[in-house]
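For reference, the structure discussed in these notes is given below.
None of the figures in this text is laboratory data; all of them are computed from the coordinates on show. Being a predicted model, the structure only gives us computed values, none of them experimental. Backbone-built Cβ (ideal geometry, glycine too); neighbour counts: all protein chains shown.
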Amino acid sequence: MIIKKFVPCIYLYHEHAVRNLTDTTIVDTDPVRLADYYCEHNADELIVFDMSEGDAEHEAALDIIKEICAKAEVDVIGAGNVKRMEDIKKLLYAGCKKAVLDYEKESNIEITEEVSLKFGKEKILISYNDPAVLELHKDKIEKYISAMILMNPHQIRETQSILSLPFFVQINQVALNKLLEIFAYENVCGVTGNTINDNVKEIVALKDLCREMIFPLNPSRLLTSGKISRKTVTAWYLLSCRITVLRKF
């Protein structure tokens with residue numbers, strides 16, 4: 001059973017956290033502080049996009065990612081500025097639990113097998129806009145990739161019709177009822193982007209709503225909130241009859 005997660009995203013540009021991949025308006029001058037803030041509000045994981053351009057800027061971004069990973073209470077997924085296998089290695093060695101290949105870039109598609117065999121399938125994700133790329137590389141993705149990040153929320157049905165892999169959906173703005181509809185898709189394992197960033201204080205309340213809809217959530221992060229007891233979480237999981245018990249639970 002796929003666990004549904006709320007995953008804030010940090011877009012790292014010139015050593016600051018900015019609005020998104022296309023809007024470089026600064027939202028926090030200290031990305032590490034922002035990561036702490038997201039963790040304090042019960043984020044299940046974090047995604048960090050490195051938007052750096054030159055080598056020096058890339059190394060500075062990796063230093064920040066390393067600091068985020070060292071302090072974060074949750075797993076960090078590293079993405080962005082991947083050109084070769086060495087870049088995946090740097091993200092993982094910085095402390096990211098997983099790293100992302102950009103399937104909008106042919107160079108990233110070409111190293112899929114290499115990085116998966118080197119670091120393990122469970123550590124490699126892909127990001128994409130157009131599900132057509134999934135159809136084109138379906139066999140490779142199923143063999144070497146553990147999960148995906150859909151950057152275009154209008155392509156959820158198309159994605160599910162091609163692959164059964166779990167995938168996150170990046171959403172920058174959506175109504176609450178639509179957010180719940182997205183979580184209801186079987187293979188959607190989480191939502192990321194500004195929809196979560198802007199409403200991070202409401203994560204606990206959103207999880208309560210999802211629980212009422214009987215969506216499987218990450219129990220360890222429910223407990224962290226202090227608002228839901230272990231007994232309540234356990235009872236809900238048993239009642240739903242849809243949950244795989246997590247080891248750390």
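Per-residue HN-Hα couplings for the range 6-18, Karplus 6.51 cos²θ - 1.76 cosθ + 1.60 at θ = phi - 60°, whole Hz, x for Gly and Pro?
For the range 6-18, the Karplus-derived couplings read 9, 10, x, 10, 9, 9, 9, 9, 6, 6, 10, 8, 10 Hz, x marking Gly and Pro.
When DSSP beta bridges are limited to those with both residues in the chain, what percentage is antiparallel, rounded to the nearest 5?
Details: 5 of 35 bridges.
Beta bridges within the chain, antiparallel portion: roughly 15 percent.
Could you tell me the center-to-center distance, by alpha carbons, between the range 56-116 and the range 149-196 in angstrom?
Here the two parts' Cα centres lie 22 Å apart.
Test of understanding: given the chain, find the longest segment containing no GluC sites (Glu not before Pro) that are in a DSSP loop and have at most 16 other Cβ atoms within 10 Å.
On the way: sites that count: E15, E53, E73, E104, E186.
That gives 105-185 as the longest site-free run.
Mind running the shape call on the range 1-125? Use the C-alpha gyration tensor, a ≥ b ≥ c as the square roots of the eigenvalues: rounded below 1.5 for a/c, prolate if a/b tops b/c, oblate otherwise. Can you show the working numbers first?
On the way: a/c = 1.71, a/b = 1.22, b/c = 1.40.
Because a/c hits 1.5 or more and a/b fails to exceed b/c, the range 1-125 counts as oblate.
Residue-wise, which Karplus ³J(HN,Hα) couplings in Hz belong to the range 136-147, taking 6.51 cos²θ - 1.76 cosθ + 1.60, θ = phi - 60°, and x for glycine or proline?
Running phi through 6.51 cos²θ - 1.76 cosθ + 1.60 with θ = phi - 60° gives 5, 10, 4, 4, 5, 5, 4, 7, 10, 10, 9, 7 Hz.
With runs of 4+ DSSP H residues as the only contributors, calculate the mean residue ellipticity of the chain at 222 nm using -39,500 (n - 2.57) per run, divided by the residue total and rounded to the nearest 500. Working shown, then result.
Numbers: 13 runs with 108 residues, N = 249.
Calculated mean residue ellipticity at 222 nm is -12000 deg cm²/dmol.
Of the cross-linked pairs K71/K178; K105/K143; K90/K207; K90/K140, which ones have a Cα-Cα span greater than 27 Å in the structure shown?
On the way: K71/K178 33 Å; K105/K143 19 Å; K90/K207 33 Å; K90/K140 23 Å.
Table pairs above 27 Å Cα-Cα are K71/K178; K90/K207.
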